[in-house]
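Notes follow the structure.
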Amino acid sequence: MKNKLTDLNNHLFAQLERLSDEGLSSEQIEQEAKRADAIVSISDQIMRNADLSLRACKLVADHGDRFLNHLPMLGKPE
């Protein structure tokens, strides 16, 4: 997998840097703000998905593998 949460962090900081560029015109700032809104929306969904996966892993860690049939995102033990 090539996309990791660290990549998301890098994208967020890159967007912050673009928004901080003092040489941007009002039109460019507006465009970057719209882009930032889209990035935040997608980032929020990615983080919710990561949190769900983490909670599923914790469930298995706390209660054994009896829940694995209900957690296909974790895969089956081999």
Restricting attention to segment 43-72, the residues that are more than 27 Å from residue 10 (Cβ to Cβ) and free of Cβ contacts under 8 Å to residues at least 12 places away in the same chain number exactly 10
The residue that is modelled with the highest pLDDT, considering only those in segment 42-78 that are outside any helix (DSSP H, G or I) and either in contact with an Asp or Glu (Cβ under 8 Å, 6 or more places away or on another chain) or open to solvent by 80 Å² or more (accessible area, probe 1.4 Å) (or both), is 76
Those residues of segment 7-26 that are open to solvent by less than 90 Å² (accessible area, probe 1.4 Å) and of a type outside the set (Lys, Arg) come to a total of 12
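The values are calculated or read from the model by the stated rules, or taken from the named source; none is laboratory data. Not measured: the values here are computed from a predicted model. Methodologically, a virtual Cβ is constructed for each residue, glycine included, from the backbone with ideal geometry; neighbour enumeration extends over all protein chains shown. Note: areas computed on protein heavy atoms with side chains; ligands, DNA, RNA excluded. Shrake-Rupley method; radii C 1.70, N 1.55, O 1.52, S 1.80 Å.
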